[in-house]
Every structure is written in C-alpha cells, then in structure tokens.
Amino acid sequence: MSIIEVLPEVNEVLRKFELPKEVGFGKIMAPIMIEADYADGKWGPLQLKAYGPITLDPTAKVLHYAQEIFEGLKAYKTDGNGPFLFRPDENAKRFNASARRMAMPDLPIEYFVEGSKTITSYCSEFIPPNSGETLYIRPFMFATEGSLGIKPSEKFKFLIIASPSGDYFKSGSVTVGIERDAVRATPGGVGMAKTGGNYAASLLSANQAIAKNCQQILWLDAVNHSRIEEMSGMNFFAVIDGKLVTPELTETILAGITRKSILEIAQSEGFEVIEKELLIEEVIEGIKSGKCTEAFACGTAAIITPINALQESDDTQYKLQNPEGPVAAKLRKTLLDIQEGRKEGPEGWVVKINPPV
Ligand SMILES: *Cc1c(COP(=O)(O)O)cnc(C)c1O
C-alpha cells in the first residue's frame with residue numbers, strides 16, 4: 001500500500017501535458033505535484049494532485065519571517081535507462097536538518113523519498129532523454145500559519161514540484177567573482193540550512209557580479225574574509241599540486257551531496273583528496289604560480305562546472321590554466337555515468353524508479 005493518495009485529476013492533466021522542445025532549467029513545470037499539510041502537531045495525508053497555484057493568508061508567516069526550507073534533486077533517464085534518483089535519502093536527511101535549524105517540524109523520511117519517487121514515476125515520459133537533462137525535483141516546506149507575531153508557525157505546507165530541465169549552465173565554464181565585502185553566512189547563523197533567506201541575501205552580490213560578467217560569486221568567511229567557503233548554490237573545489245582540495249565543512253557551508261559524492265569518487269579513482277581550511281590567497285597564488293591548475297563548482301544543478309577565472313571587483317582576473325581541465329572532466333564523467341545508470345556506483349546511491357502501479 002502506497003502512502004500516497006493519487007487524486008483523480010492526475011491522469012487527465014498528465015495526458016494533456018506536452019513537453020516543449022526547448023526546456024531550459026527550472027522553467028517548465030510538470031503538471032502534477034505532491035502536497036501534505038502539518039497542523040495540530042502532526043502531518044496530514046500525502047497527496048499527488050494537479051500542479052497549480054496555492055492560496056495563502058496574507059499573514060502567513062513565511063511571507064513575513066521567511067520560515068522556509070527546500071531541497072533539490074534530480075531524476076536521470078538516459079539511453080533508455082532509468083529513471084533513477086541519486087541518493088534521495090541524503091536529501092531527506094538534510095531537509096530535516098534544515099527544518100530543525102529553522103524551528104520547523106521533521107518530515108517523515110518516507111514522505112520525502114516516496115513523494116520524490118512517485119512524482120518521478122508519474123513524470124517518467126517527460127524526462128528529456130539526453131545526457132545532462134533531467135527531471136529537477138524541488139521539495140519544499142513553509143510556514144502557513146496566519147498571524148503577525150514573531151514566533152514559530154504551528155502550521156506548515158510541504159510540496160514537491162518537478163521541472164523537466166536541461167543544463168544549468170549553457171556555456172561550459174563560469175567566471176567567478178570573489179566577494180570581498182558582503183558575506184553569505186555567519187558563525188551561529190543559518191548557512192548550513194537550505195533556507196530561502198540565504199539566497200535572498202546573496203542576490204545583491206549576484207547582480208553586481210553579473211554586471212561584471214561573472215556568473216557566480218565566491219563567498220569568503222564572515223570573520224576574516226580569507227577562507228573560501230562556497231558559491232551561492234554550489235560547493236568549491238580546486239586542483240592544487242595535482243591534489244583535489246575543497247574547504248572543510250563548517251556551520252557556514254552547505255554540505256553538498258555532490259561534494260560528498262565527488263570526494264568518494266575521486267578517492268576511488270586514485271586522486272589524493274584534501275578537506276581543509278582553504279585560503280583565497282593560496283588559490284590565487286597557486287593560479288599565478290601554476291600550482292593550481294583547475295577549479296570547479298559542484299552541486300546537483302551544476303553537476304561539475306569548470307571555473308575559467310576568478311575575478312576581483314576591480315576586474316583583475318586570475319585565469320585558470322586549464323578551464324576544461326582533465327580532473328574536472330574525469331570526475332564529471334564518472335559522476336554522470338553513475339547518476340545516469342551507465343556505471344555501477346556505491347551501494348544505495350542510485351535508486352531505480354518503477355512505473356506507476
Ligand atoms: C544546494 C546547495 C549546494 C549543493 O548541494 P548538492 O547537495 O550537491 O546539490 C551547495 N551550496 C549551497 C549553498 C546550496 O544551496
């Protein structure tokens with residue numbers, strides 16, 4: 001018995017849906033969604049229903065105090081394989097870690113995992129078939145209680161929506177602006193939670209970066225502005241002296257599942273991997289001296305995206321020798337081969353999705 005109730009409208013909206021040729025990233029939404037509400041200290045039923053607008057009281061706490069969390073994961077279907085989900089249990093656990101930090105209720109792990117599996121199963125024929133194309137799945141939860149007092153909501157909504165998507169970055173590599181002034185996350189803050197406010201806080205810097213032809217921002221630590229932390233929605237790696245180096249996790253870094261998977265894959269492919277306090281000056285000096293040959297961003301959306309240069313606000317650029325570097329290329333290939341079902345990954349990473357029953 002499934003824990004999900006499928007509403008009668010679902011079959012009809014699926015039948016009417018047509019996938020456009022050009023999908024972009026996160027633009028086209030699948031015609032169905034998963035929904036559950038929390039009230040009186042417990043979660044109500046999990047339903048699969050037609051995608052559509054939601055009604056909120058204007059005093060809903062999410063609109064005023066940003067009590068909100070989200071996740072992002074992908075379903076892969078290529079070469080007639082799949083669909084597959086990649087480590088959905090990891091996303092479910094991180095969702096609850098974010099929930100606790102934001103004073104929100106835990107969601108039963110099976111609501112998250114079964115919900116993601118079910119929406120994938122029903123959308124299977126709308127997953128674009130080329131390598132790198134996926135169904136991008138967005139589970140999220142927000143405070144719906146209506147009243148303006150600043151205190152935790154007692155009512156929440158959980159939704160999963162899904163978007164047939166192509167590559168996140170159309171061009172092969174990105175230029176990354178080093179943010180020397182504004183900060184993303186502070187010690188004691190909410191940097192390790194996937195909560196909307198972190199992204200709202202990054203947008204002013206993002207605008208400034210875009211005006212200088214940078215597609216991403218590199219955030220430094222809030223105290224000394226010297227340690228590399230991450231990008232706004234991706235983690236950071238560099239190849240220094242042939243070793244794969246990434247900032248060690250702290251409470252101001254979002255613990256990426258792609259980051260963690262890359263560390264494991266790289267080790268099994270014989271790379272030396274180092275998680276450490278990584279100073280921006282070490283990377284800049286390394287680029288100048290030729291010791292740092294590659295740098296890349298990684299995340300569910302970005303997969304592995306090479307960085308072609310780091311850039312200061314005065315437009316000084318530190319160009320990577322090898323922007324489409326061999327290390328990033330090799331790791332990207334292995335990761336995608338596992339995610340898309342061409343290569344066996346470690347136990348439990350890839351979850352095959354069956355057609356709806
Ligand atoms: C989601 C996210 C990442 C990447 O996490 P994945 O699990 O690899 O998708 C990295 N940094 C931030 C700030 C994020 O929001």
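Exactly one of these conditions fails for residue 315: (1) touching a helix residue (DSSP H, G or I) at 6+ places or on another chain (Cβ under 9 Å); (2) open to solvent by 40 Å² or more (accessible area, probe 1.4 Å). Give me its number. Exception for residue 315: condition (1). Does region 264-272 contain any residue that is away from the ligand (no atom under 16 Å from the Cβ) and open to solvent by less than 20 Å² (accessible area, probe 1.4 Å)? Scanning region 264-272, I find no residue that is away from the ligand (no atom under 16 Å from the Cβ) and open to solvent by less than 20 Å² (accessible area, probe 1.4 Å), so the answer is no. Within region 1-27, being over 24 Å from the mean Cα position of the chain (by Cα) and aromatic (Phe, Trp, Tyr) holds for one residue alone: 17.
No other residue among 137, 119, 160 is within 15 Å of the ligand (Cβ to nearest atom), within 30 Å of residue 41 (Cα to Cα), open to solvent by less than 40 Å² (accessible area, probe 1.4 Å) and assigned by TED's automatic domain parsing to the domain that holds residue 103 apart from 137.
For every residue, the table says whether it meets (1) within 18 Å of residue 301 (Cα to Cα); (2) modelled with pLDDT under 95.
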| position | (1), (2) |
| --- | --- |
| 316 | no, no |
| 321 | no, yes |
| 326 | no, yes |
| 329 | yes, yes |
| 335 | yes, no |
| 342 | no, yes |
| 352 | no, no |
| 355 | no, yes |
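Answer yes or no as to whether residue 231 is within 16 Å of the ligand (Cβ to nearest atom), under 27 Å from residue 276 (Cα atoms), in contact (Cβ under 8 Å) with a residue 40 or more places away in the chain and open to solvent by less than 10 Å² (accessible area, probe 1.4 Å).
Values: within 16 Å of the ligand (Cβ to nearest atom): yes; under 27 Å from residue 276 (Cα atoms): yes; in contact (Cβ under 8 Å) with a residue 40 or more places away in the chain: yes; open to solvent by less than 10 Å² (accessible area, probe 1.4 Å): yes.
It is true that residue 231 is within 16 Å of the ligand (Cβ to nearest atom), under 27 Å from residue 276 (Cα atoms), in contact (Cβ under 8 Å) with a residue 40 or more places away in the chain and open to solvent by less than 10 Å² (accessible area, probe 1.4 Å).
Listed by first and then second residue, the pairs with beta-carbon distance under 8 Å, at least 6 apart or on different chains, first residue in region 257-274 and touching a residue at least 60 places away in the same chain (Cβ under 8 Å), second open to solvent by 70 Å² or more (accessible area, probe 1.4 Å), are 269/330.
The values are calculated or read from the model by the stated rules, or taken from the named source; none is laboratory data. All figures in this text were calculated on a predicted structure; none of them were measured in a lab. We place every Cβ from the backbone using ideal geometry, glycine too, and count neighbours over all the protein chains shown. Accessible surface is based on the protein model in full, side chains and every heavy atom, while ligands, DNA and RNA are left aside. Shrake-Rupley method; radii C 1.70, N 1.55, O 1.52, S 1.80 Å.
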